[in-house]
Amino acid sequence: MTDTPSASRATSSAAVRTRQIISALIVAVGAAGALAGAWYFQLVVGLAPCPLCLEQRVPYYIGVPIALIAMVCVVGGKAGLARVALGLAGALMALSAFLAVYHAGIEWGFWVGPTACSGTGPAVGGGNLLEGLQQARVVRCDEAPWRLFGLSLAGYNAFIGSALTVVAMWGAVARD
């Protein structure tokens, strides 16, 4: 018995749908997990995030719903829209990975970070200078408050963002 072109096309289409659903699900769950981890370290462990840490979260906040939209598109038979959504989710994960590499490089002293979180203390204008300095709390981007196996949270985020980029693009390039 030989495969007919329509049976082969249906099998190929099902494989593409499965690949897109799996990639969208991995990106949504992985990005949500990364956010949950960041919030855990902030709220439970007590590590206050620096401005760059907060910026690294933004692509995840946007990427989770976009990955879920991609999944809905696949289920609804809109493979083209799913490819676009997965491509956008991949671009967002790449942005987070880029920001994480930039942040990790600042922590390792490879380059200078923004003065907002890597420079000297905060600028205080007017009023009581001593009181302003005592109340100011600057979380520095160039100091990693936690490391595991030599990697900071920014270093782990670089790996997570890169892996999720690959997974999203794997689903985005799937075609019949």
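The values are calculated or read from the model by the stated rules, or taken from the named source; none is laboratory data. Since the model is a prediction, treat every value here as computed from it, not as a measurement. Backbone-built Cβ (ideal geometry, glycine too); neighbour counts: all protein chains shown.
One table, with the values for the structure above:
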{"read-out": "Among residues of segment 29-75, those that are among the hydrophobic types (A, V, I, L, M, F, W, C), surrounded by 22 or more Cβ atoms within 10 Å (Cβ to Cβ) and under 10 Å from the mean Cα position of the chain (by Cα), counted", "value": "2"}
{"read-out": "Pairs where the first residue, in segment 143-172, is free of Cβ contacts under 8 Å to residues at least 60 places away in the same chain and the second is among the aromatic types (Phe, Trp, Tyr) and part of a helix (DSSP H, G or I), C-beta under 9 Å, 6+ apart", "value": "Leu148/Tyr156; Leu151/Phe159"}
{"read-out": "Residue within segment 96-112 that is at pLDDT below 85, touching a Leu at 6+ places or on another chain (Cβ under 8 Å), aliphatic (A, V, I, L, M) and closer than 25 Å to Tyr40 by Cα present", "value": "no"}
{"read-out": "Residue within segment 103-118 that is of a type in the set (Ser, Thr, Tyr) and touching a residue at least 60 places away in the same chain (Cβ under 8 Å) present", "value": "no"}
{"read-out": "Unmet criterion (only one of (1) outside any helix (DSSP H, G or I); (2) of a type outside the set (Phe, Trp, Tyr); (3) at pLDDT 95 or above) for Val58", "value": "(1)"}
{"read-out": "Selection status of Leu25, out of contact with any Ser or Thr (no Cβ under 9 Å at 6 or more places or on another chain) and within 18 Å of Ala168 (Cα to Cα)", "value": "yes"}
